[in-house]
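Single-structure report; data block below.
Throughout, read-outs are computed from the coordinates displayed, never taken from laboratory work. Just so we're clear, the structure is a prediction, and the values are computed from it rather than from any experiment. Please note: Cβ atoms are built from the backbone with ideal geometry, for glycine as well, and neighbour counts cover all protein chains shown.
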Amino acid sequence: MASTLETRTSDITKHLTNLHSLVRTALTKAMEAFEDLDLELADETGRVSYQVEQLHQQVEELVFDTVSKHQPTGVELRRLITYNNTSSCLRRVGQYAEKIGKIVELCEDFDHFKELVSLPYLAELAISAIDISIRAVLTEDLSEIEELEKLEAQSDREAVDMFEEIAEYLNRRRDISELAMYYIIVGRYCERAADQAIRIAESATHMITGERVKLGLLYKEEEASMLD
């Protein structure tokens, strides 16, 4: 029995749901591994990230095959393009998680020189932002987009604050430069994960409305005006 466009779309959304779950797990494990400098947990992160990569490839193949066989147009085509873009963004977050796990391996002989507050918070912000963006894609509901933009702006602010804090530590201590660099890199990966949520939401908006938008600029402009 030949598959219909509707059944193919349903299969892809199930894969995206599973991919989202894997990415959440990967980023959570990565941050926990970095907090505890836990090599075993870092290895687990790598395995989950590999699953993310494999599932992304399945989504991509399903999307391409569906477009080839069913030749959708209009909103149906936009939906499939959005699904593929979403999968690609989630894949990138999985790669960020894997890289954080690799950093844990480089920190084997280190101990944290400060209590980690900003980094877990950045990971939490990224996960919350991704959750919202995935709901927008799967439910085709844009009602939470403003909240997503606020989360992404908060991620940017938190990253800047963390970088300034680390710079202060470096002014006082010269023996922490390598680990401080890893803090900055891990923070940047979390910030980028939140950026991927914005990219997913922009695709969702195009899918639903047919219009291309650039999200997140409003809050950045507001912050810039407050600094002037």
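Taking only complete DSSP H runs, can you tell me which helices of the chain stretch 24 Å or more along their own long axis by Cα positions and average at least -1.0 on the Kyte-Doolittle scale?
Numbers: long enough: 5-36 (46 Å, -0.38); 39-70 (46 Å, -0.54); 74-106 (49 Å, -0.24); 118-139 (31 Å, 1.23); 145-172 (41 Å, -0.80); 177-209 (48 Å, 0.18).
Once both thresholds are applied, what remains is 5-36, 39-70, 74-106, 118-139, 145-172, 177-209.
Per-residue counts of other Cβ atoms within 10 Å, averaged by peptide: what ranking do you get for 137-147, 98-108, highest first?
Details: 137-147: 14.8, 98-108: 18.5.
Descending mean neighbour count gives 98-108, 137-147.
With runs of 4+ DSSP H residues as the only contributors, calculate the mean residue ellipticity of the chain at 222 nm using -39,500 (n - 2.57) per run, divided by the residue total and rounded to the nearest 500. Each step should come with its number before you reach the end.
Numbers: 7 runs with 191 residues, N = 228.
Theoretical 222 nm ellipticity from helices: -30000 deg cm²/dmol.
Mind sorting out which of (i) 20.2; (ii) 18.6; (iii) 17.6 is the real Kirkwood radius over Cα pairs in Å computed from the coordinates?
Here the calculated entry is (ii).
Grab the Cα-Cα distance for E140 and K102, subtract it from 0.36 nm times how many residues apart they are, and report the gain in nm with one decimal. Show your work: numbers first, answer last.
Details: separation 38, 0.36 × 38 = 13.68 nm, distance 3.59 nm.
Gain on extension, E140 to K102, equals 10.1 nm.
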